[in-house]
1. For the chain, what's the relative contact order in percent, using C-alpha pairs closer than 8 Å and at least 6 residues apart?
2. Could you state the angle between the C-alpha long axis of helix 333-361 and the longest principal axis of the C-alpha atoms of the chain, as a value from 0 to 90 degrees rounded to the nearest 10?
3. For region 211-257, place one equal point scatterer on every Cα, skip the solvent, and apply the Debye formula. What is log10 of I(q)/I(0) at q = 0.14, 0.16, 0.20, 0.33 Å⁻¹?
4. What's the center-to-center distance, using Cα atoms, between region 343-370 and region 375-407 in Å?
5. Lys/Arg Cβ at +1, Asp/Glu Cβ at -1, dipole of region 87-156 taken about the Cα centre: which of Ser90, Trp145, Gly106 is farthest positive-ward?
6. Per-residue counts of other Cβ atoms within 10 Å, averaged by peptide: what ranking do you get for 458-464, 164-170, highest first?
7. Would you kindly calculate the mean projected area, averaged across all directions, of the convex hull enclosing the Cα atoms of the chain, in square nanometres?
8. Just want the ordering: His73, His181, His81, from fewest to most Cβ atoms lying within 10 Å of their own Cβ.
Amino acid sequence: MSTSGSIKSEQPDDTQNTFSEVDIESGANLDVALKRTKKFMVLVASVAALGGLIFGFDIAGAGATFVMDGFKHHFKWECAHDAINCVGASQGTMDRDKGLINGLFGIGAAIGALLNSRLAEQFGRRITLGLSALVFIFGASIQAWAPVMQVMWAGRIFSGMGIGMLSMCSPVYIGECAPEHIRGALGTLWQLAITIGIVLASAMNIGLAKLDYGWRISYGGNILFAVILILCLAFMPESPRWLAAHGTEEQVKESLSKMRFEDEIDSEVEKLQHEVEEERKLGQAPWSEVFSNKNLMRRRVILGFVLFAFQQLCGINAVMFYAPDILNTFFTESQAITGTLVLNTINCLSTFITVATVDRFGRTKLLTLGGMFMFPCLVACGILSVVEQTQGVGYAVLVFAAIYIIGFAFSWGPVLWIVIPEMFPYRTRGKAVGICVMSNWIFTTLVGAVFPVASTASLGACFFFFAGAIFVAVGVVYFFQVETAEKTSEEIDQAYENHKPALKRKDW
Ligand code: BGC
């Protein structure tokens, strides 16, 4: 194809173009011109990422309530100064309650993630996003109202289920709507939203801690985002990939016309139709195919499952859920909440590194580099946990925790949510992603439930365990994970087939 000469590219709608005018004089410039992104596409991904805001707000909200007087008095962990005939709870009861609040949430989320793979396939990604938000609203309302701890536990199961459903569906939806050249950056919006939710909740917690009913807002404030998500769904297009398999050509075109430029639509419709035809020849993918060795599916599912397990076993949620508790051993309650806000802000800001780099550098390099930041910090925290617990040691823990979080926030946090939906062909994507996301929640639950007890026994041992996990995790990525950046679904299939673990990676 000749690309010489000066061609002014057509601007189908200059209010929506991220490039005002593109001069095409060479093949390289043509490449740039083809990498245009409509603003509406970014908006669609941002709205879907609202699910992440709900998720993040919960992570930081629940953890902080454990040190709020209003919460402790309401659930009789501690007696208010004017309480009559009150006996505070034992450390064992509080550890059990905390473990169940986090653990039941995780179990609900694991169930939700698996359930949703079916719903998202049958009813489409868009409707399922709405349904997920509704389930969350139901659970969060119960939590915010909870008169006794048992009701709180029931609410945790449903709010967890809603968030598990969202965490299966939102990344898949974003990945299927996004054009390849910017799929990583748009996928990062999911994680960015999680971290913004965390910051928002931890900032609000400073004020909420002073109110008797503040904990209710910590558990229910994110209902607002769920409502916004449901309202925005009215103008969101269905995933063109889902429509290609379940709808008409007209519907695919209509959906694409909102997210692509006029001159990109026909070729994309053709590409999607080709993929769908290939899949139709093979018929519906049953569950058995997800675990079969056809297309290396079993190996990919195990890899995705293991990667999400490691994302949790490296201890991120021990920090996210219990940072106020950990810091409370060195500092006062309000200093602990402020310290948590600092860590959470660092978590959010560091995610921008991924937005800028994930499509250029690729997924595997970021995962490896992130692990290299996290490992030494975890070892340092382990050592600091076994020496005398002074405030100086507390500050050192805070610094190492901050570097650890930076490492996580530009790598294992966002990148896995992008990579997992990318790893699977459309035929099996819903089911396979459901299983992998379920792994994320199973291990979130395990860490959430075990950490209070394990850290009371030995905080140092917990940090050493997390360090060991990230060490092995980096090895798994280095040897087994293929690079998926900027590849089509078919190219990714081929990359898995051709991949051979080697000491020196050929694609780096
Ligand atoms: C993880 C969450 C974690 C969050 C922290 C996400 O990628 O899946 O478990 O709490 O990052 O930012």
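1. Reported relative contact order: 21 percent.
2. Helix 333-361 sits roughly 10 degrees off the main axis of the chain.
3. Calculated log10 I(q)/I(0) at the listed q: -0.53, -0.59, -0.70, -1.05.
4. Distance between centres, Cα-based: 22 Å.
5. Of the listed residues, the answer is Gly106.
6. In decreasing order of mean packing, 458-464, 164-170 become 164-170, 458-464.
7. Value for the chain: 24.6 nm².
8. His81, His181, His73
Readers should treat all values here as calculations from the given coordinates under stated rules, not as data from a laboratory. Small disclaimer: the values here were computed from a predicted structure and weren't measured. Methodologically, a virtual Cβ is constructed for each residue, glycine included, from the backbone with ideal geometry; neighbour enumeration extends over all protein chains shown.
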